[in-house]
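The values are calculated or read from the model by the stated rules, or taken from the named source; none is laboratory data. What you are looking at is a predicted structure, and each value in this text was computed from that prediction instead of being measured. FYI the Cβ positions are ideal-geometry reconstructions off the backbone, even for glycines, and counts take in every protein chain you see.
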Amino acid sequence: DMRKPTVRNTFNLKTNYGLTNLLTQGEAQTMDMIRYVPEANVYVLAAGPKPPNPSELLQSHKMNDLMKTLETMFD
């Protein structure tokens, strides 16, 4: 949920970056935003900063491209 993000706190991540950065910043690198949590054996992409337009970001072409990229990297 990009309006009330909780993943960062759930996994105790020390980052303010995430999905919002990937969708709004051209220079953001996917693997720089994804964190590995060894205790849970899972990779996590936090929401990042709260955007003013989350639904527009999630429906964007950049989100579609990001999903295609992530499909090649993860199950």
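Structure above, values below:
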| read-out | value |
| --- | --- |
| Subset of segment 55-75 [closer than 22 Å to residue 6 by Cα, modelled with pLDDT of 95 or more and outside any helix (DSSP H, G or I)] | 59 |
| Segment 55-75, subset surrounded by 11 or more Cβ atoms within 10 Å (Cβ to Cβ) and of a type in the set (Ser, Thr, Tyr), residue farthest from residue 20 (Cα to Cα) | 69 |
| Single residue of segment 1-54 satisfying the filter (in a helix (DSSP H, G or I) and touching a strand residue (DSSP E or B) at 6+ places or on another chain (Cβ under 7 Å)) that is surrounded by the most Cβ atoms within 10 Å (Cβ to Cβ) | 19 |
| Cross-chain or 6+ apart pairs with Cβ under 7 Å, segment 28-45 first and over 14 Å from residue 70 (Cα atoms), then assigned to a strand (DSSP E or B) | 36/43; 37/44 |
